[in-house]
1. What is the sum of charges, Lys and Arg at +1 and Asp and Glu at -1, for the other residues whose Cβ falls under 13 Å from the Cβ of SER78?
2. Work from the charge dipole of the chain (Cβ charges, +1 for Lys and Arg, -1 for Asp and Glu, about the Cα centre) and give the residue of SER40, ASN80, ALA10 farthest towards its positive end.
3. From the phi angles alone, apply the Karplus equation (6.51, -1.76, 1.60; θ = phi - 60°) to the stretch 40-47 and give each ³J(HN,Hα) in whole Hz, x where the residue is Gly or Pro.
4. Could you work out [θ]222 nm for the chain from helices alone, using -39500 (n - 2.57) per DSSP H run of at least four and dividing by all its residues? Round to the nearest 500 deg cm²/dmol.
5. Amide H of SER91: which non-local residues (sequence gap of 5 or more, or other chain) have their own amide H closer than 5 Å, using H built in the peptide plane?
6. Only Cα pairs under 8 Å and at least 6 apart count here; give the relative contact order of the stretch 5-89 as a rounded whole percent.
7. Which cysteines does the chain leave without a neighbouring Cys Cβ under 4.7 Å?
8. Can you work out the PRE-style zone for ASP35? Point 7 Å along Cα to Cβ, and I want the residues of the stretch 3-22 with backbone N under 14 Å.
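Values in this text are rule-based calculations from the coordinates and carry no lab data. Just so it is clear, the model here is predicted, and its values are computed rather than measured. Note: ideal-geometry Cβ built from the backbone for every residue, glycine included; neighbour counts use all protein chains shown.
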Amino acid sequence: MRARMKIALASDHAAIDLKADLREWLVDQGHEVADLGPDSTDSVDYPDFGYNLASVVADGTVERGIALCGSGIGISISVNRNPAVRCALVSEPLSAALAREHNDANCIAMGARLTGIDMAKACVTAFLETEFGGGRHQRRVDKLSNPPATDPS
């Protein structure tokens, strides 16, 4: 796995177990991990945790973020509300690698009800080990954080 990184994890109540398993595995891999919660299976609102994750990625407190909820969809939407963050919903290692190589994703999202621990680890490994390709992709990535003004007519 890539050199030690600072990684933040956040989830909703549906992904508590997957988050705990990934946290333990990432620490065993030598990474510094910030668990942004929640800490129980009591029902919570995933946007709150997605916004917190996006904030620490955007301000540079951590290098990468991993967002988890039941499907991965809701929390990925909330993380992507921050224009400095590019969160890709992934379900297998190729999508995680392409999210890094082509989109310079700094977060990934996965669904705990859809992704088992072994596949989640494979996705995280691809996400952490793949470098951004730059080149022709840079122009497109720049537009993600700076969308052009639209013509209202």
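1. Computed value for this residue: -2.
2. In the chain, that residue is ASN80.
3. 8, 8, 4, 4, 9, 9, 4, x
4. Numbers: 6 runs with 67 residues, N = 153.
Per the formula, -13500 deg cm²/dmol.
5. Here ALA96 satisfy the definition.
6. Once normalised by length, the contact order is 37 percent.
7. Taking the Cβ cut-off of 4.7 Å, the unpaired cysteines of the chain are CYS69, CYS123.
8. Only 8-13, 15-22 fall inside the zone, counting backbone N under 14 Å.
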